[in-house]
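Step one of this worksheet: look at the structure below.
The values are calculated or read from the model by the stated rules, or taken from the named source; none is laboratory data. Note that the structure is predicted; figures quoted are calculated from it, not measured. Neighbour counts are summed over all protein chains in view; Cβ atoms, including those assigned to glycine, are modelled from backbone coordinates with ideal geometry. To get the accessible areas, we keep the full protein, side chains included, count just its heavy atoms, and leave off ligands, DNA and RNA. Shrake-Rupley method; radii C 1.70, N 1.55, O 1.52, S 1.80 Å.
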Amino acid sequence: MTNNNPIGLFDSGIGGTSIWKEIHQLLPNENTIYLADSKNAPYGQKTKEEIIHLSCKNTEFLLEQNCKLIVVACNTATTNAIKELRAKYKVPFIGIEPAIKPAALHSKTQKIGILATKGTLNSELFYKNVEQFQDIQIIEQIGYGLVELIENGQINSKEMNELLQKYLSPMVQSNIDYLVLGCSHYPYLIPQIKKILPQNITIIDSGEAVAIQTKKILQETVGFRENSSPSNSIFYTNTNPIVLSEILENKYPILVEDF
C-alpha cells in the first residue's frame, strides 16, 4: 500500500524537531510537515483544557495539509490530550511519553531521575506509567525555564547551565543511574547535561522509539510514500523563525503563519 501524503508533527515550539530528526533519519523517503506552536510555548504550564484546545487546533492545521498520520511530538500534549485527539479525529496518532520503562527495567541502583514539564509530571497518563514500578525510586524534577531558554536560542547560555546544575545535582546525590528526558526540547541539552552528570548515568529520550513506532504504524495502516522522487520537508512556525532555522541548520524552508 502506498500513500504519498505527508507525515504531520506538532509541538509547542522547536523541541519536537528532535523527534522529527529521528523520523526523517529512519524514513528519509517520507514527506513531512512540522508545526511549531512557539507562540504558545511552553505547554507545560497550561491547564489540561488549554492543552487539548491547542492540540486540536494544531491537528486541524495538519489535516488541512492532508497529513496521513500525526505525531504529537510533545510530551505534555501527549500525556494530556492524545486520548481526546484519538476520539475526535480518524487519522492515526503517535504520542511521545517519557521512557520510564527502559530506565526502570535496567536501573541497578533502583533510582532514576526524570526531568520534564509540570504538565507531563502532573498528568494522569504519567501517573499510570510510574505506578507500574513500585520498587523503583523515581526522582521527579520540573524543568522550569528550560523550554523558554531553548525557544530563545539560549541553549548554551550561563543561565541554562545554572538551571541544569540546580535541577540535576540533587539527582546525582541521590545515586540515580538513569536520567529520563521527559520533554522533546530537552535532547538539545544533552551536551550540557553530559558535562554535569557522571559517566555512569545513562541519558534516555524517546526519539528513536517514536520513529520506530511511526514506521510500524505506516506499515500497518496508512502506507508508505512511493520512492519516485526526493522527499520534501516543510516547517511552519507562528513566531520569529530564526531559532527554528538554526536548529535545522538553515537547510529547510520555514513558513511563518498565524495559526
Give me a count of the residues in the range 12-25 that are more than 17 Å from P230 (Cα to Cα), open to solvent by 10 Å² or more (accessible area, probe 1.4 Å) and of a type in the set (S, T, N, Q). 1
Quick check on the range 66-77. Is at least one of its residues buried (at least 24 other Cβ atoms within 10 Å of the Cβ) and at positive phi? no
Select, from Q199, Q219, Q213, the only residue that is among the polar types (S, T, N, Q), within 25 Å of K90 (Cα to Cα), at pLDDT 95 or above and surrounded by fewer than 13 Cβ atoms within 10 Å (Cβ to Cβ). Q219
Could you list, in sequence order, all residues of the range 182-220 that are of a type in the set (G, A, S) and assigned to a loop (DSSP other than H, G, I, E, B)? S184, S206
Residue satisfying all of: in the range 57-109; part of a helix (DSSP H, G or I) and among the charged types (D, E, K, R); nearest to N4 (Cα to Cα) among these: E64
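Only one residue in Y167, Y188 is at pLDDT 95 or above and either touching a Cys at 6+ places or on another chain (Cβ under 6 Å) or farther than 22 Å from I138 by Cβ (or both), so which one is that?
Among Y167, Y188, only Y188 is at pLDDT 95 or above and either touching a Cys at 6+ places or on another chain (Cβ under 6 Å) or farther than 22 Å from I138 by Cβ (or both).
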Given the criteria in contact with a strand residue (DSSP E or B) (Cβ under 7 Å, 6 or more places away or on another chain) and crowded, with 24+ Cβ neighbours inside 10 Å, does P102 qualify? no
Give the residue, chosen from L35, L54, that is under 22 Å from L244 (Cβ atoms) and part of a strand (DSSP E or B). L35
Among the residues of the range 225-242, which ones are open to solvent by less than 60 Å² (accessible area, probe 1.4 Å) and either over 16 Å from S38 (Cα atoms) or not in a loop (DSSP other than H, G, I, E, B) (or both)? R225, S229, S231, S233, I234, F235, Y236, T237
Taking the range 169-186, which residues are open to solvent by 30 Å² or more (accessible area, probe 1.4 Å) and not hydroxyl-bearing (S, T, Y)? P170, V172, Q173, N175
Every residue in the range 4-31 that is part of a strand (DSSP E or B) and not hydrophobic (A, V, I, L, M, F, W, C), please. G8, D11
Report whether or not G153 is open to solvent by less than 60 Å² (accessible area, probe 1.4 Å), in contact with an Asp or Glu (Cβ under 7 Å, 6 or more places away or on another chain) and not basic (K, R). yes
Which one is nearest to the chain's Cα centre (by Cα) among residues in the range 148-178 that are hydroxyl-bearing (S, T, Y) and assigned to a helix (DSSP H, G or I)? Y167
Given the condition of a type in the set (F, W, Y) and within 14 Å of V210 (Cα to Cα), answer yes or no: does some residue in the range 35-57 qualify? no
So for the range 26-37 (the condition being open to solvent by 20 Å² or more (accessible area, probe 1.4 Å) and at positive phi), does at least one residue qualify? no
Residues being charged (D, E, K, R), surrounded by fewer than 20 Cβ atoms within 10 Å (Cβ to Cβ) and touching a residue at least 24 places away in the same chain (Cβ under 8 Å) - total across the range 38-65: 3
Can you tell me which of (1) open to solvent by less than 10 Å² (accessible area, probe 1.4 Å); (2) farther than 24 Å from K21 by Cα is the one F133 doesn't meet? (1)
Of all residues in the range 112-138 being in contact (Cβ under 8 Å) with a residue 12 or more places away in the chain and part of a loop (DSSP other than H, G, I, E, B), which is farthest from K48 (Cα to Cα)? D135
